[in-house]
1. By count of other Cβ within 10 Å, fewest leading, how are 179, 104, 195 ordered?
2. Running Debye on segment 185-251 with equal point scatterers at the Cα sites and no solvent, what base-10 log of I(q)/I(0) appears at q = 0.16, 0.29 Å⁻¹?
3. I need the shape label for segment 239-344. Rule: rounded when a/c is under 1.5, else prolate if a/b > b/c, else oblate, with a, b, c from the alpha carbon gyration tensor.
4. So if each residue of separation counts as 0.36 nm, and I subtract the Cα-Cα distance between residue 24 and residue 106, what length gain in nm does that give?
5. Say R0 is 22 Å: what FRET efficiency, to the nearest 0.05, do residue 214 and residue 189 get from their beta-carbon distance?
6. Based on the Cβ-Cβ distance of residue 93 and residue 40, what FRET efficiency does E = 1/(1 + (r/R0)^6) give at R0 = 25 Å, to the nearest 0.05?
7. Among 43-49, 33-39, how do they line up from the highest to the lowest mean number of other beta-carbon atoms within 10 Å?
8. Mind sorting 317, 13 by how few other Cβ atoms lie within 10 Å of their own Cβ, fewest first?
């Protein structure tokens with residue numbers, strides 16, 4: 001819909017006669033009778049009818065147009081339109097001929113030529129920054145290949161492989177299982193869960209309070225969780241939890257120069273957003289911890305190191321910026337191996 005102005009055009013061979021016919025249209029209670037409206041040959045006729053009695057024919061035919069307040073009417077003859085177009089076409093032809101006949105070797109205006117050359121040779125000094133992503137999540141970095149990562153996979157088969165029907169699982173795959181373990185470890189109070197019964201009570205509480213659904217809880221192994229809690233890392237986290245030195249699910253946004261990310265030759269900052277599983281404060285510095293549920297076998301620890309080293313480096317950089325404290329240790333805990341792996 002028009003917001004400020006609506007321009008309508010109409011063509012009528014007998015405009016003069018229609019203007020005379022509609023000049024004194026009779027109105028009944030301010031409205032044009034249907035018998036007159038029904039005699040219209042076009043929408044233009046209705047427009048002309050609506051203007052009846054507001055001005056004379058001579059006013060419409062004035063070059064500047066007749067202004068009725070809401071509507072400006074201007075009559076243009078075909079001869080005027082054709083004549084004007086012929087003048088424009090002739091001017092364009094002359095201009096085209098003049099341009100085609102120019103001596104391109106000769107410089108007609110030295111100053112203009114210099115400005116033109118400078119314009120064409122100009123190179124934007126920050127070209128490398130144009131295609132930079134201003135903000136990335138850790139997941140997006142994975143997709144862009146900044147650090148290799150496969151979906152954290154199912155590491156404990158729900159049923160033996162020889163009983164699987166057509167290779168299908170009865171439960172969702174690894175991405176769901178990994179999410180279930182991360183959620184459980186986020187909710188568990190490490191300082192209070194010391195026995196298998198404590199763990200069972202905690203998981204039942206998650207179900208009762210609807211903090212985890214039945215499907216997610218069914219993907220968890222109590223044996224695996226107890227293995228983590230009884231490990232040396234689990235005991236360190238429990239001690240830190242009791243003394244208030246443990247932080248879980250720490251969100252962060254950190255600015256890293258594009259050059260440091262091999263994203264371009266630029267010092268412009270790229271914001272990286274993510275969530276750290278946990279970190280704790282000890283005497284000599286902070287310990288960064290990340291849980292992984294990737295399906296790997298004993299002896300394949302290097303796979304996790306190669307896969308997550310860069311991710312943990314970003315986490316380390318973010319944590320040091322947020323806290324102003326040094327990271328003394330970066331640890332990955334493999335649920336599949338029930339083993340902690342220290343990164344460099």
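We did not get these values from a lab; they are worked out from the coordinates using the rules stated. Note that the coordinates shown come from a computational prediction; the quantities given were computed from them, not determined experimentally. Heads up, the Cβs are rebuilt from the backbone with ideal geometry, glycines too, and the neighbour counts pull from every protein chain shown.
1. On the way: 179 15, 104 5, 195 11.
Going from sparsest to densest Cβ surroundings: 104, 195, 179.
2. Debye intensities relative to I(0), on a log10 scale: -0.55, -1.34.
3. On the way: a/c = 2.22, a/b = 1.20, b/c = 1.85.
Note, shape of segment 239-344 comes out oblate.
4. Details: separation 82, 0.36 × 82 = 29.52 nm, distance 6.74 nm.
Here the answer is 22.8 nm.
5. Working: r = 21 Å, r/R0 = 0.98.
Computed FRET efficiency for residue 214 and residue 189 comes out at 0.55.
6. Numbers: r = 42 Å, r/R0 = 1.68.
Here the calculated transfer efficiency is 0.05.
7. Going from most to least packed, we get 43-49, 33-39.
8. On the way: 317 17, 13 8.
Result, fewest neighbours first: 13, 317.
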